[in-house]
Amino acid sequence: MKMPRPHAVLTLQSSEPLTQDKVLGRTIAGDPSGIAELYERHAASLFRTAYRMLGSRADAEDVVHDLFVGLPEALRRYEDRGRLDQWLTRIIIRLSLMHLRNERRRRSTPLMDMPQLAGTERSDARLELTELEQAVMALPTGLRAVFVLRQVEGYSYEEIAALLDISVGASRVRLTRAIERLRRTLL
Amino acid sequence: MSFIDKVTVMHYFSRHPAHAELSDFLAGSDPGARSRIASHLEHCQSCRDVLQLLRGASASQWNAPGTEPSPELLARILESRASDARVILPSDTQIAGSRSTPNRLSLIAAAAVILAVIGGVLVTRTASDVEAGATSGTLVLNPAMPRPGQTVSVTYRAAAMLANQPTLVLRARMRDTGSESYNAGFPTVRAAMLQRGADGDFTGHFVIPANIVYAALAVADTSAQSVDDNAGRDWEILVSDSTGKPLFTALDQRANDMMGRNWEEGLATAHRMVALYPRDLRAWSWLRAFNRWLGKVGDDSIRVRDRAQLAKFDSMFTNGVASDADIGRMAWFADGIDSSIAAHWRARLMQQAPRNSFAVQWRLIAILDTLHQRNDTATVLRQMDALWDSAPLDPKAQIATYATGMAMDAADTTLIKLWTTRQALGGGDKRDFARWVATQFTKIPALRAEGIKLVRNEMDSLAILHPSEQALDETIAEQRARHNVSRRNLLATLGQALVASGDYAGARQVLDEAVSKGWNLEVFRAVRTASLAAGDTAHALTMAARISVDPRTSPTFTDSLRPVAERVLGAAGWNAELATARKEFVKRMLESSTPRSIRGDPRLRDLDGQTTKLSALAQGKVTIVAFWSRFCGPAIEDLPVMNAVATRLAKSGVRVVSVVDEANSSAALKQFLRDRKVTMPTYLDSWHEGSRAFNQWGTPDYYVIDADGRIRFAGTNSAETVLARAEALRMSEN
């Protein structure tokens with residue numbers, strides 16, 4: 001395990017409260033109180049982003065879990081990358097996409113066709129979503145990811161193409177299809 | 001404006017922009033199209049609605065109540081951190097605002113460190129500080145459900161530990177329709193070489209041999225330093241028909257592969273068989289078998305269903321055509337469900353198909369019964385010889401196993417050779433079997449010379465590490481370690497055989513090597529004998545001291561030795577010898593210890609229904625966690641031994657937590673414990689959190705955790721071994 005780099009790498013933008021510096025320092029040192037404080041500030045919004053991407057509470061919790069477990073080590077690489085919340089959002093999106101890819105892989109192997117054993121099912125508590133939100137959640141995974149990234153998170157087609165490993169044209173086509181489905185459902 | 005112009009303009013306004021263009025309009029991008037879309041929107045309610053929909057999707061609208069993580073999530077995160085779980089997050093390349101070419105390589109790098117804290121224990125494989133997720137990559141097979149003989153292309157996004165290699169090996173354990181249960185001695189084949197492409201993905205392809213129906217896969221580097229076995233699950237191929245439905249034989253082989261590897265997954269396979277092939281008695285037989293093995297066959301719902309299925313098959317085979325194999329399966333399936341139906345099919349089997357595998361097994365049992373009644377080994381062996389001649393291949397080995405044991409008891413060298421040769425035809429690990437035969441021969445005076453020769457041959461064969469003899473998930477280091485253990489055991493056998501044949505000098509030479517490696521009571525005993533025979537009392541006492549300090553040795557041995565030892569060495573000298581032996585014991589035992597973290601802090605329930613946590617039971621002390629089950633023969637047999645171990649260790653402050661695989665306490669369980677005089681504290685693994693935290697399957701399975709709450713030794717099914725390990729650990733911490 002490498003030792004944490006000195007705090008000098010943490011050049012934060014002035015929009016961040018000054019105390020953040022200390023919190024990050026504690027988090028990098030693996031102090032649970034630092035992790036807990038960052039969790040209080042960011043977990044809810046990160047969870048929502050993950051939930052929009054994944055469409056499942058349990059999966060969203062899993063990626064948020066993974067992000068915070070990996071945070072102390074990852075923060076050592078967090079150099080001058082702009083605002084912390086944006087940096088965290090980018091990571092949760094990447095984690096969510098990796099999760100989707102893994103899901104796809106698992107679904108493509110026969111193993112997952114097996115009947116679930118009792119007690120392993122995850123139940124999704126019903127959320128109070130608007131009609132639009134429910135319709136977005138009901139989109140197929142590939143379309144939902146593009147729609148959420150574009151319309152909710154505000155990414156460009158180029159960025160979406162890079163994140164999803166598809167062409168720019170394909171990301172436009174998918175967005176159009178996603179909106180068309182929503183239109184048919186909602187309008 | 002002419003009529004033509006009017007139509008054109010109308011057309012211009014009425015052509016709906018693509019939805020993506022509306023999104024661009026909203027985002028303020030593509031200024032060139034702006035005025036056209038704005039004009040269109042003036043006339044088009046439908047597009048205005050879409051625009052409204054898109055506005056509604058902006059992030060600020062997504063804060064509905066309930067879209068918050070559950071209150072326990074933070075605790076779960078902190079627990080994972082505390083148990084040393086680590087996740088390597090994807091590297092953050094500057095995505096936002098960048099208009100550069102997508103950086104595919106960095107994406108692959110991110111995916112390469114795919115995190116996997118997937119409800120298992122984080123087992124370190126190569127380096128001591130390999131982080132979670134560094135050991136599992138992503139393997140994509142195309143097609144995932146190939147047909148027989150089809151070419152499968154493979155894309156592997158490497159785990160961090162394999163990502164730097166130019167070439168990787170796709171390993172496979174391939175099963176044809178006749179492959180046997182369990183995975184012992186299965187050759188591991190190189191299915192394909194995977195080459196790293198410019199994008200960092202590894203790709204390759206292989207053809208599934210036409211006779212292969214199931215394969216378990218893993219990825220290794222070319223020198224087998226690291227293996228990615230998908231966190232113990234392996235990747236899999238089930239050969240399918242043209243509709244994508246897995247062949248029955250593929251599921252059949254998956255069930256065989258899961259035996260001894262993952263019983264629950266085996267049961268799941270059987271469930272899938274009956275779902276896909278409900279009219280096939282073999283599917284229902286598998287399901288019944290796994291339910292039996294997992295102790296579920298007594299459940300009411302299962303009993304009712306089995307009974308209904310039996311009635312269905314009974315009428316189907318009574319009114320239709322039944323092959324010999326069907327009759328055999330009916331007799332087996334009905335056994336334990338309906339005695340009269342079972343008797344009917346058994347009688348029909350014996351009359352119509354006495355050479356069927358099931359029939360041969362029942363005939364074998366009948367022959368063995370007569371042995372208990374009359375104790376006439378010679379007659380029984382003659383009967384078994386006749387049975388062997390008429391048996392099909394698969395019960396042949398079973399007959400030979402029993403016959404070999406009897407021939408050895410009778411010390412009949414001709415029969416021993418005959419039956420061991422026949423037994424070698426059976427399945428399982430051929431090398432293991434050859435070593436077993438060699439060892440057995442050294443114990444029989446008339447065969448000892450031959451046994452010594454065989455043992456030396458086997459030791460020579462251990463010097464070579466054949467890739468095909470690596471288990472699917474085995475690294476070269478693990479294979480070497482396994483060979484070293486075998487070699488030490490063979491050295492001990494050889495030494496003991498040389499002692500028995502009077503060659504003390506030769507024995508000492510062989511045994512000194514065994515003594516210098518590891519801690520093996522058998523070896524120490526043999527060296528002691530050889531040393532005494534050679535007049536080397538001092539060395540004999542050094543060995544005696546080692547035997548004495550081992551907690552598995554009975555105190556009587558130690559007590560009876562003391563006067564002799566003190567006469568030779570004096571009281572102080574003998575105590576010093578014992579102290580050295582104790583140090584050596586601790587050192588050698590801990591050499592085989594690899595610390596792992598427990599995932600989380602599993603909840604258990606006591607017999608009165610109170611929930612508690614493992615950490616509260618261990619209280620920062622060396623603790624044995626003993627998994628067992630009321631429905632597992634070996635576990636029940638071992639229960640009194642484990643209980644004795646617990647009583648004994650209580651004196652030295654080592655705790656034993658006995659964990660039984662049941663959800664709820666019951667009068668039957670309490671009675672069971674009373675009947676067997678089990679006094680060690682017993683808890684219920686009500687939520688399977690215990691077995692998940694230790695990543696363990698099957699019972700009995702005993703673990704030692706240290707004062708810091710880490711697992712120090714892999715599970716063992718021997719109460720004596722776990723006793724020695726726990727004592728060594730306790731002594732090391734004092």
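Any read-out appearing in this document is the output of simple, stated calculations on the displayed coordinates, not a laboratory observation. Predicted model, so just to flag it, every value in this text is computed and none were measured. In this analysis, Cβ positions are derived from the backbone assuming ideal geometry, glycine residues included, and neighbour counts consider all displayed protein chains.
To make sure I understand, if each residue's beta carbon is the centre and we count other beta carbons within 10 Å, what order do B:466, B:19 fall in, fewest to most?
Neighbour counts put them in this order, fewest first: B:466, B:19.
Quick check on the protein assembly as shown: helices-only [θ] at 222 nm, where DSSP H runs of length 4 and up contribute -39,500 (n - 2.57) each and the sum goes over total residues. Nearest 500, please. Walk me through the intermediate numbers first.
On the way: 36 runs with 504 residues, N = 921.
Rounded to the nearest 500, it is -17500 deg cm²/dmol.
Could you tell me which of rounded, prolate or oblate describes segment B:177-247, using a ≥ b ≥ c as the square roots of the eigenvalues of the alpha-carbon gyration tensor, with rounded for a/c under 1.5 and, failing that, prolate when a/b is larger than b/c and oblate otherwise?
Oblate.
Quote the FRET efficiency, to the nearest 0.05, computed for residue B:164 versus residue B:193 with a Förster distance R0 of 22 Å and r equal to the Cβ-Cβ distance.
For R0 = 22 Å, the calculated efficiency reads 0.85.
Round to a whole angstrom and tell me the spacing of the C-alpha centers of segment B:514-589 and segment A:82-96.
With segment B:514-589 and segment A:82-96 each reduced to a Cα centre, they are spaced 63 Å.
Just check segment B:355-427 against the gyration tensor rule for me: Cα atoms, a ≥ b ≥ c as the square roots of the eigenvalues, rounded for a/c under 1.5, and otherwise prolate or oblate depending on whether a/b exceeds b/c.
oblate
Arrange the following residues from fewest to most other Cβ atoms within 10 Å of their Cβ: B:156, A:39.
Neighbour counts put them in this order, fewest first: A:39, B:156.
If each of residue B:583 and residue B:721 carries a label point 7 Å out from its Cα toward its Cβ, how far apart are those two points in nm?
Between residue B:583 and residue B:721, the simple spin-label model gives 2.8 nm.
Just how large is the dipole of chain B about the Cα centre, in debye to the nearest 20, putting +1 at every Lys and Arg Cβ and -1 at every Asp and Glu Cβ?
Values: 85 positive and 79 negative charges, 106 e Å.
In total the dipole reaches around 520 debye.
Can you work out ³J(HN,Hα) from phi for every residue in segment B:343-351, in order, using Karplus 6.51 cos²θ - 1.76 cosθ + 1.60 and θ = phi - 60°, giving whole Hz and x for Gly and Pro?
Per residue, the Karplus-derived 3J(HN,Hα) values read 5, 4, 6, 4, 5, 5, 4, 5, 7 Hz.
Where Lys and Arg each count +1 and Asp and Glu each count -1, what net charge lies around residue B:595 among other residues with Cβ under 9 Å from its Cβ?
+1
Give the angle, between 0 and 90 degrees and rounded to the nearest 10, that separates the Cα long axis of helix B:324-334 from the longest principal axis of the Cα atoms of chain B.
90 degrees
If Lys and Arg each add +1 and Asp and Glu each add -1, what is the summed charge of the other residues whose beta carbon sits under 9 Å from the beta carbon of residue B:486?
Every neighbour counted, the sum reads +3.
Using the Cβ atoms and a cut-off under 11 Å, what net charge is assigned to the surroundings of residue B:447, where Lys and Arg are +1 and Asp and Glu are -1? Can you show the working numbers first?
Numbers: positive: B:417, B:443, B:448, B:453; negative: B:412, B:450.
Charge balance near residue B:447 sits at +2.
Work out the length of the dipole vector of segment B:254-409 about its Cα centre, built from +1 on the beta-carbon of each Lys and Arg and -1 on the beta-carbon of each Asp and Glu, and round it to the nearest 20 debye.
That gives segment B:254-409 a dipole magnitude of about 340 debye.
Between helix B:719-733 and chain B, what is the angle of the helix's C-alpha long axis to the longest principal axis, kept within 0 to 90° and rounded to the nearest 10?
For B:719-733 against chain B, the angle is about 80 degrees.
Please list 3J(HN,Hα) in residue order for segment B:487-502, calculated via the Karplus relation 6.51 cos²θ - 1.76 cosθ + 1.60 where θ = phi - 60°; whole Hz, with x for glycine and proline.
5, 4, 4, 5, 4, 4, 4, 4, x, 5, 5, 5, 4, 4, 8, x
Would you please give the residues with an amide H less than 5 Å from that of residue B:683, counting only those at least 5 places away or on a separate chain, with H modeled from the backbone geometry?
Residues meeting the criterion, in which the H sits 1.01 Å from N, are B:658, B:659, B:660.
To check you understand DSSP bridge types, tell me what percent of the beta bridges within the protein assembly as shown (both residues inside) are antiparallel, rounded to 5.
85 percent
Could you check the spin-label model distance between residue B:608 and residue B:203? Points 7 Å from the Cα along Cα→Cβ, value in nm.
Taking the two extended label points, one gets 6.5 nm.
If I take R0 = 41 Å and measure r between the Cβ atoms of residue B:72 and residue B:522 in this structure, what FRET efficiency does the formula 1/(1 + (r/R0)^6) give, to the nearest 0.05? Intermediate results must be reported in sequence, preceding the final value.
Working: r = 50 Å, r/R0 = 1.23.
E between residue B:72 and residue B:522, to the nearest 0.05, is 0.20.
Using alpha-carbon positions, what is the distance between the centroids of segment B:640-677 and segment B:473-490, in Å?
Distance between centres, Cα-based: 34 Å.
In terms of the Cα gyration tensor, with a ≥ b ≥ c the square roots of its eigenvalues, is segment B:450-591 rounded because a/c is under 1.5, prolate because a/b exceeds b/c, or oblate?
Judged from the Cα gyration tensor, segment B:450-591 comes out oblate (a/c at least 1.5, b/c at or above a/b).
What are the ³J(HN,Hα) values, in whole Hz, obtained from phi via the Karplus relation 6.51 cos²θ - 1.76 cosθ + 1.60 with θ = phi - 60°, for each residue of segment B:642-648 in sequence order, with x given for Gly and Pro?
5, 5, 5, 4, 4, 4, 5
Over all Cα pairs of chain B, how is the pair count split among 20 Å bins, expressed in % and running from 0 up to the last occupied bin?
So the P(r) values, bin by bin, are 12, 37, 35, 11, 4, 1, 0.
Can you give the angle from 0 to 90° between the axis of helix B:73-82 and the longest principal axis of chain B, with both taken from C-alpha atoms, to the nearest 10?
It works out to around 40 degrees.
Using Cβ counts within 10 Å as a stand-in for footprinting exposure, how do A:148, B:154 rank, fewest first? Walk me through the numbers before you get to the answer.
On the way: A:148 27, B:154 22.
Ascending Cβ contact count within 10 Å gives the list B:154, A:148.
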